[in-house]
Protein chains: 2
Amino acid sequence: MTSFASRLIAGARQLGPLCVGIDPHPGRIPDLFGGDTPEGVAAWGEAVVAAAAGRACVVKPQVGLFERHGPDGMRALQRVCEASREAGLLVLADAKRGDIGTTARGYAAAYLSEAAPFPSDAVTVNPYMGLDTLEPFLEEAEANGKGVVVLARTSNPGSADFQARDLEGAPLYARVVEALAPAIQRLKGAGEWSSLMLVAGATGPDEARQLRQLAPDALFLVPGYGAQGGGAEDALAGFKAVSNRLEGGVVNASRSVTFPAGSDTVESQADWHALIVAAIEAAQTDLSMHAGRVPVASG
Amino acid sequence: MTSFASRLIAGARQLGPLCVGIDPHPGRIPDLFGGDTPEGVAAWGEAVVAAAAGRACVVKPQVGLFERHGPDGMRALQRVCEASREAGLLVLADAKRGDIGTTARGYAAAYLSEAAPFPSDAVTVNPYMGLDTLEPFLEEAEANGKGVVVLARTSNPGSADFQARDLEGAPLYARVVEALAPAIQRLKGAGEWSSLMLVAGATGPDEARQLRQLAPDALFLVPGYGAQGGGAEDALAGFKAVSNRLEGGVVNASRSVTFPAGSDTVESQADWHALIVAAIEAAQTDLSMHAGRVPVASG
């Protein structure tokens with residue numbers, strides 16, 4: 001069984017480090033797809049998947065924006081996960097779950113088990129409750145070649161409230177990464193990279209490099225590229241040089257590639273598709289050029 | 001509009017401080033209800049609601065144990081939420097969500113909005129990402145008379161990994177409570193108690209009293225009573241004396257009241273109902289006697 005980390009890094013080497021965020025924002029689903037309804041969200045999500053297929057290696061559906069539509073919204077999430085896997089895309093479910101014992105097992109089963117109803121390659125989790133609450137996710141990941149993405153440093157202003165504060169001589173986020181070291185090694189095994197991945201937002205390149213020093217073997221999920229503000233160079237600051245190019249994770253873009261200018265006024269799904277494809281290719285090219293390589297689309 | 005805090009404290013005064021946890025553990029749903037399937041989980045959950053009605057003021061469905069069944073599991077959660085409200089029970093959705101911006105808004109809409117698909121009176125949230133990530137929940141709570149339950153101190157062993165460590169001179173969990181002070185006041189308004197509630201697990205009565213000092217106006221959701229180990233006296237250590245009785249929150253019991261001894265072998269739903277009723281009444285009586293009052297069942 002190929003590990004999550006191996007699949008992700010192989011995909012990033014082939015197509016570039018872009019992760020396409022699938023965030024069905026309220027009121028922004030084009031009428032072309034049915035608007036802001038569970039069916040519209042599913043159809044739009046599947047169309048994003050079709051545009052990303054062969055042009056990016058991974059998508060990241062934002063679970064909360066499906067959950068707001070209730071059980072039917074979760075059915076839409078299921079359809080998007082299934083469509084992604086059929087299209088050869090890895091799925092990183094951005095659920096930010098975290099709980100104790102059997103409940104954590106429940107979430108791990110929902111996203112990472114062999115018969116997961118929301119079939120994903122990795123899921124984001126919150127470390128606040130402690131390492132024992134991450135354990136069920138790690139076990140499920142090990143058993144099924146999946147990944148676990150732990151929130152370490154997020155990029156929102158509120159990350160200063162607790163994450164960036166000093167916990168016994170280092171920022172809390174650094175203590176979280178430090179405490180994860182054994183789990184990072186465990187999910188690395190004999191591979192190049194660990195299937196324990198970190199959400200590594202950074203306020204600047206220095207902090208990104210510091211995170212890389214703390215966790216040399218963890219792939220990073222970097223938020224904040226595109227609409228949220230940062231450029232490619234900043235987004236790649238925590239990557240490392242491997243064979244003359246930068247690698248070490250994926251960089252997420254959501255709004256800039258799924259709601260690009262003009263995509264709300266096009267009159268056909270074909271025109272919409274062309275706009276999304278162009279936005280994904282532009283982001284992939286921008287990131288790949290900064291990472292020192294030329295992307296090769298497979299689709 | 002009556003606030004969540006007012007509704008909860010009125011219920012606890014009338015019926016006692018027990019919160020009935022609805023945790024559909026894998027493999028433990030009796031065949032009487034259809035076993036461990038989405039339909040079985042829904043039927044079992046509705047039966048727990050029927051047993052709790054008039055005997056407790058609040059139930060707490062554990063979302064992860066529904067989510068493991070996928071969209072149909074979330075439909076079961078929806079049925080349990082709706083049945084609870086029809087039975088006059090408050091619903092505290094134990095979802096432990098937390099995310100930025102529109103995604104947090106999505107979760108808040110899913111549980112706390114007027115047309116919430118999982119209609120609840122309050123939802124549990126994780127503070128790791130910072131105060132800005134709690135804001136959408138606070139706004140939804142203010143607009144609709146709902147509550148927000150923030151994880152402060154959990155009772156699992158892993159809570160020692162980060163929550164209990166020293167952040168600039170006080171434990172992280174105390175810093176979280178401290179940072180919440182303005183929000184606690186904001187959701188208190190002119191009422192007796194704030195609709196910003198805290199998950200207040202404690203390693204002992206001293207810590208519970210310390211949490212109470214830090215947040216005199218916040219209701220506590222106390223885990224760890226019953227099957228998880230603590231007795232009534234410990235569970236109530238963070239409550240305060242009001243008119244000769246202890247009040248200040250609710251105490252959760254899940255397994256001890258929903259999977260009591262013998263409940264897996266009874267042969268009829270009527271016998272099962274009698275066992276659950278007896279377990280709920282015993283827990284309510286135990287807690288109420290320690291709180292210095294005699295409960296009055298309304299059903």
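Charged side chains reduced to their Cβ positions (Lys and Arg at +1, Asp and Glu at -1) give segment A:4-290 a dipole of some 480 debye around its Cα centre.
Considering only A:Thr103, A:Ala215, B:Ala93, the residue lying farthest towards the positive end of the dipole of the protein assembly as shown is A:Ala215, judged by Cα position with unit charges set on Cβ. For chain A, what does the relative contact order come out to in percent, with C-alpha contacts under 8 Å and a separation of six or more? Computed value for chain A: 20 percent relative contact order. Per-residue mean of foreign Cβ neighbours for B:106-115 is 4 (Cβ atoms of other chains, 10 Å radius). Across the identical copies, the label point of A:Asp166 (7 Å from Cα in the Cβ direction) is separated from its matches by 1.1 nm, in order from shortest. Across all Cα atoms of segment B:4-290, the radius of gyration (one decimal) and Dmax (whole number) stand at 17.9, 57 Å.
Packing here is the average count of other Cβ atoms within 10 Å per residue, and on that basis the peptides A:129-135, A:51-57, highest first, run A:51-57, A:129-135. Using a cut-off of 31 Å between Cα atoms, the listed pairs A:Lys188/B:Lys60; A:Lys146/B:Lys146; A:Lys96/B:Lys146; A:Lys60/A:Lys188; A:Lys96/A:Lys240 include A:Lys188/B:Lys60; A:Lys146/B:Lys146 as exceeding that distance. Averaged over residues, the count of other Cβ atoms within 10 Å places the peptides B:32-43, B:102-113 in the sequence B:102-113, B:32-43, highest first.
Remark: mean inter-chain Cβ contacts per residue of A:119-129 equal 4, using a 10 Å Cβ-Cβ cutoff to other protein chain atoms. The angle separating the long axis of helix A:269-290 from the principal Cα axis of greatest extent in chain A is about 30 degrees. Compared with the dominant Cα axis of chain A, that is its longest principal axis, helix A:205-214 is turned about 50°. Across the identical copies, the label point of B:His273 (7 Å from Cα in the Cβ direction) is separated from its matches by 5.6 nm, in order from shortest. Neighbouring Cβ atoms from other chains, within 10 Å of the Cβ of residues in B:14-26, number 1 on average.
In a simple Cβ point-charge model (Lys, Arg +1; Asp, Glu -1; nothing else charged), the protein assembly as shown has a dipole of about 620 debye relative to its Cα centre. Helical runs (DSSP H, four residues minimum) scored at -39500 (n - 2.57) apiece and divided by the length of chain A put the mean residue ellipticity at 222 nm at -13000 deg cm²/dmol. Shortest first, B:Gln185 label-point distances to identical copies amount to 4.8 nm, with the label point at 7 Å from Cα along Cα→Cβ.
None of the figures in this text is laboratory data; all of them are computed from the coordinates on show. All figures in this text were calculated on a predicted structure; none of them were measured in a lab. Neighbour counts run over all protein chains shown; Cβ positions are idealised from the backbone, glycine included.
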